[in-house]
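For reference, the structure discussed in these notes is given below.
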Amino acid sequence: MNEEIAKGAPAPVSGPHKGIPLEQGKPREKWANKTEFLLSMAGEIIGLGNVWRFPYLCYKNGGGVFFIPYFVFLFFCGIPLFFLETALGQYTSESGVTAWKKICPMFQGVGIASGVIVVYLNIYYIVVLAWAIFYLFNSFKSPLPWSTCDNVWNTERCHGHQSVFANPELFQAGSNWSFLHNISSQDYFESFTNITMEDMQYPSGISPEEEFWVHRMLRMSDSMTLGNLNLDLALCLLLAWIICYFCIFKGIKSTGKVVYFTATFPYLMLLILFFRGVTLPGAGEGLIYYLYPDFSKIADPNVWLDAGTQVFFSYAVCQGVLTSLGSYNKYNNNCYRDCMALCLLNSATSIFAGFAVFSVLGFMANEMGVSIPEVASSGPGLIFIAYPKALSMLPGSSFWAVLFFLMIFFLGLDSQFVCVESLATAITDMFPAQMRRRGRREILVLVIAVFCFLLGLPCLTEGGMIVFQLIDTYGPSGISLLFIACFECIVISWVYGADRFYDNIEDMIGYKPFPVLKYCWMFITPFICWATLMYDLSLKKEFSINGYKIGPHWGIFSTILVLTPLICIPAFILFAMCKTPNTMATPSSDLRQARPHKPILTLCKWAIFKAQAPPNRPVEENSVKREMEEPSMV
């Protein structure tokens, strides 16, 4: 390495100064040790989707057969993009926005687009934590308030478990309740998301868990207008933001310490719930439904779309978060090994969570005398209706409910505050002279928290589920993420140069990564992402919540959500073409190039693009050594 430095290769600028005199700003921080980095990354990628989405998708899409498309997307899209973004952050020591500006100024819009996605996540994701806090407070009551029909919010349609067990023939599909109102019954066990307003008018019975969800917590109105604000949930959301703020307001010094608890505690809860679940009667049937392979599903393109969507969401790619977290690593940290271990941990957690979920659902189906499909659901329906219903059947139900909602809260908390940390890092790196001053960090995080809290309040109104579902579907949507993923691969492979990036990685970790990654970035990943994007765009999506169909006026809102991040990419390309046409594709001279005279892209030993050696500049060898030293605790 010293020989390369002597030849004039630019030194790594891993970030303490960033061109700012020390008297004007604080140096850029680094992780105290590797454990803090790994736990922060694990906290970001392992979240609610591992528990409320993956198990249901696995069951719904053919059981064990779902693993085939899932691992295809994982190996050829998830892992390549996960490693690309993490390595990019470590190499540039920049956040998800300014890292792309340094790599290729004209594609700074890729980072801006990812930043917009993070803003969406910060606004609506924490609403789920507010729901979890609300349920957690109610879990200390005995009996659990969602287990009975004796509450003020219950209607005459409410039928608890006792009614089902006493008169099971009245709660089967096709049963007739005409002796009450001369109206035929709908399926009592129909999923909440499929219940229509017409169904709600039928007296066939609604479970107390659904009524607690709809009438007590969400307080949905029949018209689904935004209406009045739910003050109970607003206070829960405020509490969630206060906790989130104090987890990260001091930067990675506080974030790195908090994740020791927030990233590990959910695993303890998951283990406890798993061992309790598999010992319940009927658990075996639930696990069979979870994993039993249905090979007819493998040809269904929707199964592949679900697999791709799950990989992109669960691995937090195309959001700039991974780049920001990687930017706090030392230059020679082995991020390749770290990324492989984190990907293995994430997928293993998703699979393991399915055992904890479906063992309990199997018990519930066994107790109620129904089949697994009649109790299984996805998303909020699983976490806030199906699973609480199962917990209420257990002895000591309040104890298990407290453990479960604590797990849900902490699973979401570290994902949330890492996203806020990523946004704060991006803004700080964009305006270092102004933001790297004493006390500015705390103010910046407070402004972000207040801003996102206020924008999240519409999700807590009487029709707030419409806003929540639209942001969830069209904000960090598959369309946006797939589009950004294509550009990330194209910029790194065909503009900056895949071989040059490989040389950068080798310079950092000491060896070249698996060669297939290069061809994934060049061909396989963008092709799969583009094909999936085209299929996703061809689908006609219609949404209804509690029977209320989302009208055209909401379509304008969803279009804005999708176009806002995507328009950033061409906008910054045009801006660069007008302002700096001669250097719009030239990487920053601050970036260390270990082999500046080597072609930046080769294919079958043929140079596609020749070398683009940066100008030589004098370096101080001792400063280079200091920047490349690993922390003593790694």
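What to note about this one:
- If R0 is 41 Å, the Cβ-Cβ spacing of Phe275 and Thr35 corresponds to a FRET efficiency of close to 0.95.
- Flagged links, alpha-carbon separation over 32 Å, of Lys34/Lys102; Lys60/Lys102; Lys102/Lys250; Lys253/Lys598: Lys60/Lys102; Lys253/Lys598
- Normalised by residue count, the stretch 295-394 yields a Cα convex hull volume of 155 Å³ per residue.
- Length gained when the stretch Asp300-Val562 is fully extended (0.36 nm per residue, less Cα-Cα span): 91.7 nm
- Fraction of alpha-carbon pairs over 13 Å apart in the stretch 434-497 - percent: 75
- Restraint check, Lys101/Lys579; Lys330/Lys512; Lys257/Lys330; Lys518/Lys579, Cα-Cα greater than 20 Å: Lys518/Lys579
- Report note on the peptides 362-373, 506-517, 573-584: ranked by the mean count of other C-beta atoms within 10 Å, highest first, their order is 362-373, 506-517, 573-584.
FYI, it's all coordinate maths here, none of it is from the lab. The shown structure was predicted, so the numbers you read here are calculated from the model rather than taken from an experiment. Counting neighbours? That spans all protein chains shown, and the Cβs are built from the backbone with ideal geometry, glycine included.
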